[in-house]
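The values are calculated or read from the model by the stated rules, or taken from the named source; none is laboratory data. These numbers were taken from a predicted model, which means no experiment stands behind them. Because the Cβ atoms are built from the backbone with ideal geometry, glycine has one as well, and the counts that use them run over all protein chains shown. Side chains included, ligands, DNA and RNA excluded: accessible areas come from the protein's heavy atoms. Shrake-Rupley method; radii C 1.70, N 1.55, O 1.52, S 1.80 Å.
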Amino acid sequence: MKIPLIVIVGRPNVGKSTFFNRMIGNRSAIVDNISGVTRDRNYGEVEWAGKKFRLIDTGGYVPGSEDLFERAIREQIEIAVAEAESIIFMVDARAGVTPIDIEIGKMLRTSGKPFFLIANKVDSEKYEAQAAEFYSFGVEKVYDISALGGRKTGDLLDDITAKFPALEEVPEDPRLKIAIVGRPNVGKSSLTNALLGYDRSIVTDVPGTTRDSLDSVLKYYGEEILLIDTAGLRKKKRVDESIEFYSTIRTVKAISECDVAVVMVDAKEGFEKQDQKIIDEAVKFRKGIILAINKWDLVEKETNTAKQLELSIKEKLGSLDYIPVMFVSALTKQRIFKLIDLAKVVEGERKKVIPTSELNDILLPEIEKTPPPTTGTGKEVKIKYITQAAGKYPLFLFFSNHPKEIVDHYKRFLERMMRRTFGFEGVPIILSFKQK
């Protein structure tokens, strides 16, 4: 299901991060009075009255600044605006209209995207008159709100979501959806083209040269599979941080909409920190995950090269070592269709349901042999019953007399035991501990 994307823009220090935190429901963005403190973008999902949208918080917009950091933020906003369905343009009601606000307004009108003009810091009725000054931007409505106190944010959300479909009204697409994700220039578009058999996208050695990320339909043995390619357009003068940001937006969108994420890694460059971040996103969204080591044809090989590299990657993955690794070449088409077969297997694992009787008959005797550690007060902790909850990913409920006393290392022991017994290759499983 495609969830609408909305981006918050505005000059520094108007309250964007405060608003974002209120919408998301936690303090995930850094909030400070120093201009430019939101160096990293934040993104999260907002649910309002049975409707959902994705929200992105950006750094403050400073038009024309030659400072590299401010220029990067400006470019990131331009990218985000190009990606978003609509924009929240935030201004400071108490500061009044500034030249920077005027320039941002011009940029938004040029974009042709719908935007909501939010006059923030209207903490009470006495500040409403100051917000009226912003009608000079030619908008139908100025939303005077307080991001800090939440004043009138409900009315704003009603209007933002007015044309969004209710969650229950959106039909589920039964086709397998595979997101091809990874750092720029690892071969995402080359893989998509190789699978489809034609050049759906422009591919060069310049990172981010794909012009769009429209889903493609792969006909595979009579079955339709959706491929989501996440590469993005890059202009020559873009700074590196903008490319990374563009990639981040596309990656988050694609992962949230897919069933299985194929995380591509350049065999020559190896597994890096950014690859781990992408995998963490897929785990957070509870998606199936495959690690595809691309450009395998360029690697000089000895007898155990693949096995040694796989062991090295699994070691870096740590507790995520259940993710399968496949060595492919988009250029020579080596094992690319085995990648599709593996994605189908992983999705099957994600949908797998273990009968309650089987869970209890197999796991409880093992738990009795290796019970949870006793509590600090000497109380015996017992797990008495296990069942799988209904849902789109594997969630298991463990009922215990002292669920809060079950320590993390024992939870990891239980997960390893479950994987040994029931599989779940490439799939995050969630263990939830409840009071019996």
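Points to keep in mind about this one:
- Identity of the residue in the range 279-312, among the β-branched types (Val, Ile, Thr) and modelled with pLDDT of 90 or more, that ends up nearest to Arg250 (Cα to Cα): Ile279
- Condition check for Pro355: without any contact (Cβ under 8 Å) to a residue 12 or more places away in the chain and within 13 Å of Phe422 (Cβ to Cβ): yes
- Residues of the range 176-199 classified as surrounded by 14 or more Cβ atoms within 10 Å (Cβ to Cβ) and in a loop (DSSP other than H, G, I, E, B), total: 5
- Failed item in (1) at pLDDT below 85; (2) β-branched (Val, Ile, Thr); (3) surrounded by 14 or more Cβ atoms within 10 Å (Cβ to Cβ); (4) farther than 27 Å from Lys287 by Cα, with Thr210 passing the rest: (4)
- Glu310 vs. criteria surrounded by fewer than 17 Cβ atoms within 10 Å (Cβ to Cβ) and acidic (Asp, Glu): no
- Residue in the range 108-115 that is part of a helix (DSSP H, G or I) and in contact with a Phe, Trp or Tyr (Cβ under 8 Å, 6 or more places away or on another chain) present: yes
- Taking the criterion of being touching a Phe, Trp or Tyr at 6+ places or on another chain (Cβ under 6 Å) and either open to solvent by 30 Å² or more (accessible area, probe 1.4 Å) or not aliphatic (A, V, I, L, M) (or both), the residues of the range 372-393 that qualify are Pro372, Lys384, Tyr385, Gln388.
- Residue within the range 143-161 that is within 30 Å of Thr230 (Cα to Cα) and in a loop (DSSP other than H, G, I, E, B) present: yes
- Residue match in the range 88-104 (condition: out of contact with any helix residue (DSSP H, G or I) (no Cβ under 7 Å at 6 or more places or on another chain), open to solvent by less than 10 Å² (accessible area, probe 1.4 Å) and not in a helix (DSSP H, G or I)): yes
- If you go through the range 283-303 and keep only what is open to solvent by less than 70 Å² (accessible area, probe 1.4 Å) and closer than 18 Å to Val186 by Cα, you end up with Ile289, Ile290, Leu291, Ala292, Ile293, Asn294, Lys295, Trp296, Asp297, Val299.
- Test for Phe327: is it open to solvent by less than 80 Å² (accessible area, probe 1.4 Å) and in contact with a Cys (Cβ under 9 Å, 6 or more places away or on another chain): no
- Residue match in the range 426-435 (condition: open to solvent by less than 70 Å² (accessible area, probe 1.4 Å), polar (S, T, N, Q) and at pLDDT 95 or above): no
- In this structure, Ser216 does satisfy being modelled with pLDDT under 85 and of a type in the set (S, T, N, Q).
- Phe396 being hydrophobic (A, V, I, L, M, F, W, C), within 20 Å of Ser357 (Cβ to Cβ), crowded, with 18+ Cβ neighbours inside 10 Å and under 23 Å from the mean Cα position of the chain (by Cα): no
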